[in-house]
Amino acid sequence: MSGRLEGRSAVVTGGASGLGRAIALRFADEGAFVVVGDLRDDPKEGGEPIADALGERGAFLTADASSADDVDRLVRAAVDRVGRLDVMVCNAGIAGRFSKGLLETSEEDWDAIMAVNLRGVFLGTKRAVAEMVEQEPVNEVRGRVVIISSQHGMIGPPGHVAYATSKGGAINFVHQVAVDFGPRGVLVNAVAPGKILTGNPEGMRPELLEYSHARTPFHRLGRPDDVAGAALFLASDDARYVSGINLLVDGGWMAY
Ligand SMILES: NC(=O)c1ccc[n+]([C@@H]2O[C@H](COP(=O)([O-])OP(=O)(O)OC[C@H]3O[C@@H](n4cnc5c(N)ncnc54)[C@H](O)[C@@H]3O)[C@@H](O)[C@H]2O)c1
């Protein structure tokens, strides 16, 4: 049986761990050749390095999503192998110790988050779209960009000023590029995860987990593969007349 991305190529930034890893492996399972770029190749949550998990179905390059040169190398690796870039997934993102309330956020915190979450999205999308507009359409579409935003880009989550602003910017960026490049057959969408369990579960604060459970109507919190399923839809021919959306994968959090 052939996969939904058979013969296609994809780049996934930040794909060594968490959501990016689940997306990369899901795309590979569906037949795509997947180039993963990340600062590290060992998953933050532990387990097999992404290069080993992908095997022949892809490649891993050490790459910083906030560097234009690194992003260029990722796209070239996909094009060299498959002859075109079908899907760009801008997934790399940070929050952690840089994410605070307004008065606690230093200029360095702000710049660190913007460098990856917004500049990284800009650079990845720009390089991908430049490639896509030059290639022939497949089933009417020249290429697809999927940006991993967040439900926190749609509201003001208490105490996360730079992170929420970066994700809100990414969502508006999706609208802009979808409008500007729809006429040339490029589809641009976002997936907005709710609370998805990634990273080291031991390091999660119990009160935050409890709060997330209380806010999520579905009976469990999200798993990386829940996000990968939504990204696969947007990357596949099933989503041909879909552009400029921010697809929530949040177990109903935002409906609450
Ligand atoms: N997990 C969630 O609940 C959740 C919710 C909403 C949005 N998101 C978004 O989903 C994306 C992935 O989140 P995650 O939970 O899988 O994170 P994660 O921290 O588990 O994994 C992120 C990966 O990105 C890599 N990375 C960080 N900076 C990078 C850079 N400059 N260049 C390349 N790679 C870099 C890390 O090394 C890591 O492998 C992020 O954009 C995040 O903001 C996550």
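The values are calculated or read from the model by the stated rules, or taken from the named source; none is laboratory data. Worth saying up front: this structure is predicted, and the values here are computed from it rather than measured. Quick reminder, even Gly has a Cβ in these numbers, built from the backbone with ideal geometry, and neighbours come from all protein chains shown.
Name the single residue that is farthest from R144 (Cα to Cα) among those in region 68-81 being more than 8 Å from the ligand (Cβ to nearest atom) and of a type outside the set (A, V, I, L, M).
Top of the filtered list is D69.
Within region 12-25, work out how many residues are within 12 Å of the ligand (Cβ to nearest atom) and in a helix (DSSP H, G or I).
7
Among the residues of region 179-219 satisfying the criterion of being polar (S, T, N, Q) and crowded, with 21+ Cβ neighbours inside 10 Å, which is modelled with the highest pLDDT?
N189
Only one of these conditions is not met by A51: (1) in contact (Cβ under 8 Å) with a residue 24 or more places away in the chain; (2) among the small types (G, A, S); (3) touching a strand residue (DSSP E or B) at 6+ places or on another chain (Cβ under 6 Å). Which number is it?
Among (1) in contact (Cβ under 8 Å) with a residue 24 or more places away in the chain; (2) among the small types (G, A, S); (3) touching a strand residue (DSSP E or B) at 6+ places or on another chain (Cβ under 6 Å), A51 violates only (1).
If a residue must be in contact with a Gly (Cβ under 9 Å, 6 or more places away or on another chain), assigned to a helix (DSSP H, G or I) and away from the ligand (no atom under 12 Å from the Cβ), how many such residues does region 26-53 contain?
Number of matching residues: 6.
Can you find even one residue in region 216-235 that is under 16 Å from A22 (Cβ atoms) and more than 16 Å from the ligand (Cβ to nearest atom)?
Looking for residues that are under 16 Å from A22 (Cβ atoms) and more than 16 Å from the ligand (Cβ to nearest atom), one finds at least one in region 216-235, hence yes.
Closer than 23 Å to D80 by Cα, in contact (Cβ under 8 Å) with a residue 40 or more places away in the chain and within 16 Å of the ligand (Cβ to nearest atom): does that describe F173?
Judged against the criteria, F173 is not a match.
Could you give me the residue pairs with C-beta distances under 7 Å whose first residue belongs to region 144-155 and is within 12 Å of I245 (Cβ to Cβ) and in contact (Cβ under 8 Å) with a residue 60 or more places away in the chain, whose second residue is assigned to a helix (DSSP H, G or I) and of a type in the set (K, R) wherever it lies, and which are 6+ apart or on separate chains?
S149/K167
Within region 80-89, can one find any residue that is aliphatic (A, V, I, L, M) and out of contact with any Gly (no Cβ under 9 Å at 6 or more places or on another chain)?
Looking for residues that are aliphatic (A, V, I, L, M) and out of contact with any Gly (no Cβ under 9 Å at 6 or more places or on another chain), one finds none in region 80-89, hence no.
When region 176-217 is examined, which residues are found to be touching a residue at least 12 places away in the same chain (Cβ under 8 Å) and closer than 20 Å to I113 by Cβ?
Across region 176-217, the qualifying residues are A190, V191, A192, P193, G194, K195, I196, T198, G199.
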